[in-house]
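J.: Here you go, one structure.
Laboratory data are not the source of any read-out in this text; all were calculated from the coordinates shown. These numbers were taken from a predicted model, which means no experiment stands behind them. Note that each Cβ is placed from the backbone with ideal geometry, even for glycine, and that neighbours are counted across all protein chains shown.
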Amino acid sequence: MKTVLKKHPLAIRWFHWVNFPILAIMIWSGILIYWAYAKYAISFGNLEIYHFFPRSFYTALNIPHRLAEGMSFHFAFMWLFFGNGLLYVLYTVFSGEWRYLLPNRHSFKEAWQVLLHDLHIRKYAPPQLKYNAAQRIAYTAIIVMGLGSIITGLAIYKSAEFAWCTWLCGGYASARLIHFVLTIGYCLFFVVHIVQVVLTGWNNFQAMITGIEIVKTAKLPLQKETMLEPLPETTQPTTHEKA
Amino acid sequence: MKKPDFFKRTVTISNTSYTKRVVIAFVLFAALVTGGVYAWQWLNNQPKEDLTLKPLRKTLEANEKIFKGALDSTTQVKEYPVSAAVKNVKVNGLVGIQDTIDASQWRLQIIRAAGDTLKVSLDDIKQLPKKEVIFDFKCIEGWNQVTHWAGVPVKTFLEHYHLQGVEQMQYAGLQTPNKKYFVGIDMKSFLLPQTILCYEMNGKPLPMKQGYPLRLIIPVKYGIKHLKCIGTMFFSNTKPRDYWAELGYDYYAGF
């Protein structure tokens, strides 16, 4: 017999894995578009530290002279990106999964403790439910970023009909820059996400496919004491800080 | 509020049913990945229509239908003060542009019907009510510039020459005199109040490279539709040929 934790509902696994290739296609087609006016760089004064992107990058990915193609993919897959994201948000709202995902009033303090723990500076991680404070912030931020991509995207794509989006973004050029920065944000998120998944190991990873994770029976009583039963409202969030 | 009992989401199952669940999940996952790869290959193997994969071309056309609903005959883009307009206006495309053109010989040719062409001189166009448009010009490449133009609104022009009948048509087509550059524009966008037959830039006659003597300024569309040096104007219920749409771009190309 095995005791398993039903960690990820099927819907969340579906949205997660469907989003991955769609976002990849959006980023790729976005680069095809960006190439046609590739002016962004990180600079200090006149000193250019990094230009987005170097010629070698474009050559390696076969980017140049594909603006029209990029636009045709971008403006088709945008619907899938938007639809999948919207369904995910609706699902988390109506299923109650949002309770594990949204940061709460302790998350920002706890996120530091998680970070220090991950960096092996702090011995104990703060107690958590499905996700730790840093994950809550990251997984909520990525949804806010998705919304940001849609608003900045509309501001660029339909600047007359969605003039309020363009205004909200501080103008057309600014909307394009924010749209780009958000994309870089996804790429950084992806890198950190992959590193974390690798470090956390197979049992955690396979749960994103199977949905279930074996609960080690030896650990169960311990979890029961410290985590399983909701602690009294007043002591729960601060247990480890006081220790 | 009820506290979430995440760690209570446990079940105790037999080893066999555990294995079964895991195997089924991985098989379904593999099926999803395979399906995704096949869908991607299918899409990329579709025939092309004007250099764009047919399903994507259809999506662009559907997008036009979805978004065009928000346009009405009074839609205007944001306008700027004269001081905001740049002095060095970018010149980006020279297809169809000639080195010289004799404005006294030039006529705007409006094809009212087969064999019935109205010819209008630049001086006649300048007699019509003039409208200045200072707006954020956007190139499909991604850059934008606040630029200052003046000319006669298309709608005013058509009414003056008693051409209101053509407003029932679906599209307007424009061509350079040498027919090397050509665009098709949906009538709804063509008749918007800021769409002008333009003969001035920054208060002076259009420079040669900006489409002297007359060009189109249509602020709800990308620069590719702002045809420089108009020779012929015609109307149609089918899509007129469009230079960049034939090279893979969205036909509508509007905001």
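J.: Could you pull out the pairs from B:K78/B:K138; B:K209/B:K239; A:K6/A:K216; B:K54/B:K239 whose alpha carbons sit more than 21 Å apart here?
T.: B:K209/B:K239
J.: Let me know the mean shielding of A:129-136 by other chains, meaning the per-residue number of their Cβ atoms within 10 Å of its Cβ. Could you put the intermediate results ahead of the total?
T.: Values: counts 5, 4, 1, 0, 0, 0, 0, 0.
Taking all residues of A:129-136 together, the mean is 1.
J.: Divide by every residue of the protein assembly as shown the summed helix terms, -39500 (n - 2.57) for each DSSP H run of at least 4, and state the resulting mean residue ellipticity at 222 nm, rounded to the nearest 500 deg cm²/dmol.
T.: Value at 222 nm, helices only: -14000 deg cm²/dmol.
J.: Of the candidates B:I185, B:I110, B:I230, which one comes out as most mobile in a Gaussian network treatment of chain B with C-alpha springs shorter than 10 Å?
T.: Result for chain B, Cα springs under 10 Å: B:I110 fluctuates most.
J.: Under the Kirkwood approximation for Rh and a Cα-based Rg, what ratio Rg/Rh is obtained for the range A:74-116?
T.: Dividing the radius of gyration by the Kirkwood radius yields 1.21.
J.: Shifting gears a bit: On a 0 to 90 degree scale, rounded to 10, what angle separates helix B:54-68 from the longest Cα axis of chain B?
T.: Result, in degrees: 70.
J.: What are the extents of the Cα atoms of the range B:47-121 along their three principal axes, listed from largest to smallest and rounded to whole Å?
T.: The Cα atoms of the range B:47-121 stretch 47, 45, 29 Å along their principal axes.
J.: Would you please put B:125-133, A:109-117 in order of how densely packed they are, using the mean number of other Cβ atoms within 10 angstrom per residue and starting with the highest?
T.: A:109-117, B:125-133
J.: Per q in 0.10, 0.22, 0.24 1/Å, what log10 I(q)/I(0) does a Debye calculation on the alpha-carbon atoms of the range A:1-109 return?
T.: -0.52, -1.10, -1.20
J.: Specify the angular offset, from 0 to 90 degrees and rounded to the nearest 10, of the alpha carbon long axis of helix B:15-44 from the longest principal axis of the alpha carbons in chain B.
T.: It is inclined by approximately 20 degrees.
J.: With a 10 Å cut-off between alpha carbons and a GNM built on chain A, which of A:T92, A:T59, A:T183 moves the most?
T.: Of the options given, A:T59 has the highest mean-square fluctuation.
J.: What average number of partner chain Cβ atoms lie no more than 10 Å from the Cβ of the residues making up A:206-215?
T.: Shielding by partners across A:206-215 averages 4.
J.: Note down the nm distance, to one decimal, between modelled labels 7 Å out along Cα→Cβ at A:R122 and at B:R21.
T.: Those two pseudo-labels are separated by 3.2 nm.
J.: Could you check the simple spin-label distance between A:W79 and A:F44, using points 7 Å along Cα→Cβ, in nm with one decimal?
T.: 4.8
J.: Cα-based Rg of the range B:77-203 per 2.2 N^0.38 Å, rounded to two decimals?
T.: Ratio of Cα Rg to 2.2 N^0.38 Å: 1.11.
J.: Quickly work out the B:Y161-to-A:N204 label distance, labels modelled 7 Å from Cα along the C-beta direction, and quote it in nm with one decimal.
T.: Each label point lies 7 Å from its Cα, and together they span 7.0 nm.
J.: Which whole DSSP H helices in chain A pass both tests: a Cα extent of 18 Å or more along the axis and a mean Kyte-Doolittle value no lower than 1.6?
T.: Answer set is A:172-200.
J.: Two-decimal Rg/Rh of the range B:83-145 from alpha-carbon positions, Kirkwood Rh?
T.: Rg/Rh for the range B:83-145 comes to 1.05.
J.: What percent of all Cα-Cα pairs in the range A:4-242 falls in each 5 Å bin, counting up from 0?
T.: 1, 5, 10, 14, 16, 15, 12, 10, 7, 5, 3, 1, 0
J.: OK, next. With springs only between Cα atoms under 10 Å, which of B:T19, B:T147, B:T232 fluctuates most in a Gaussian network model of chain B?
T.: B:T19
J.: In addition: When only alpha-carbon atoms count, how far does the protein assembly as shown stretch along each of its three principal axes, as whole angstroms with the largest first?
T.: 95, 48, 46
J.: With the Cα gyration tensor of the range B:1-44 giving a ≥ b ≥ c as the square roots of its eigenvalues, does the rule (a/c under 1.5 for rounded; else a/b larger than b/c for prolate; else oblate) give rounded, prolate or oblate?
T.: On the way: a/c = 8.63, a/b = 1.78, b/c = 4.84.
Verdict is oblate for the range B:1-44.
J.: As a quick test, which of the pairs B:K130/B:K180; B:K87/B:K204; B:K130/B:K155; B:K126/B:K228; B:K68/B:K90; A:K158/B:K126 have an alpha carbon distance above 22 angstrom in this structure?
T.: Over 22 Å Cα-Cα: B:K130/B:K180; B:K68/B:K90; A:K158/B:K126.
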